[in-house]
């Protein structure tokens, strides 16, 4: 085997189709774009969703519903997650800031304590909202529930 005899595998190299390079190329004249019309011109582009003049899908489908601008989104935190956090970090008071530090809360939404799971220790909890079952479970164990004002915990870096 010699270096001069090396060549690529059969079928691995294709010659490019040279559009618009004269009549002998097979695609001369119109460069395979057809005659006249928008698609034959340079700089041609369609709007997103354009279907050739037919009524586009986004306009054919009926509209329904609305966006409530006064909606309040809560990030739910269950009692079992609070119990686990209190046990592992030996906490007796939990605030939205503490939940955020441990990756449980959300800095873009308010925190609501939910009633799933069991609370075994006395914990004082501050949050934006509580469900009735969560409030009852916390107070049954001797803990306290405090609703804090709805302000987000976004800290700006200087």
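General observations
- Residue 137 meets all of the listed conditions (1) in contact with a helix residue (DSSP H, G or I) (Cβ under 8 Å, 6 or more places away or on another chain); (2) more than 15 Å from residue 78 (Cβ to Cβ); (3) in contact (Cβ under 8 Å) with a residue 40 or more places away in the chain; (4) surrounded by 16 or more Cβ atoms within 10 Å (Cβ to Cβ) but one, namely (2).
Residue-wise test of (1) at pLDDT 90 or above; (2) closer than 21 Å to residue 144 by Cβ.
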| site | (1), (2) |
| --- | --- |
| 4 | yes, no |
| 8 | yes, no |
| 38 | no, no |
| 85 | yes, yes |
| 105 | no, yes |
| 110 | yes, yes |
| 113 | yes, yes |
| 118 | yes, yes |
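- Counting only residues that are over 11 Å from residue 76 (Cβ atoms), touching a strand residue (DSSP E or B) at 6+ places or on another chain (Cβ under 8 Å) and free of Cβ contacts under 8 Å to residues at least 40 places away in the same chain, the stretch 94-128 holds 5 of them.
- Top-ranked residue in the stretch 87-97 [being surrounded by fewer than 18 Cβ atoms within 10 Å (Cβ to Cβ) and in contact with a helix residue (DSSP H, G or I) (Cβ under 8 Å, 6 or more places away or on another chain); ranked as farthest from residue 146 (Cα to Cα)]: 91
Condition check ((1) more than 43 Å from the chain's Cα centre (by Cα); (2) surrounded by 10 or more Cβ atoms within 10 Å (Cβ to Cβ)) across all residues:
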position	(1), (2)
14	no, no
25	yes, yes
29	yes, yes
32	no, yes
35	yes, no
38	no, no
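- Selection over the stretch 120-130 of residues that are under 19 Å from residue 149 (Cβ atoms) and buried (at least 17 other Cβ atoms within 10 Å of the Cβ) gives a count of 6.
- Restricting the stretch 140-158 to residues that are more than 27 Å from the chain's Cα centre (by Cα) and closer than 19 Å to residue 96 by Cβ, the residue that is modelled with the lowest pLDDT is 149.
- Selection of helices (runs of 4 or more DSSP H) fully inside the stretch 1-116 by the criterion of at least 2 residues being over 30 Å from residue 143 (Cα atoms) returns 57-60.
The values are calculated or read from the model by the stated rules, or taken from the named source; none is laboratory data. Note that this is a predicted model, so its numbers are computed, not measured. A quick note on method: Cβ atoms are made from the backbone with ideal geometry, for glycine too, and the neighbour counts reach across all protein chains shown.
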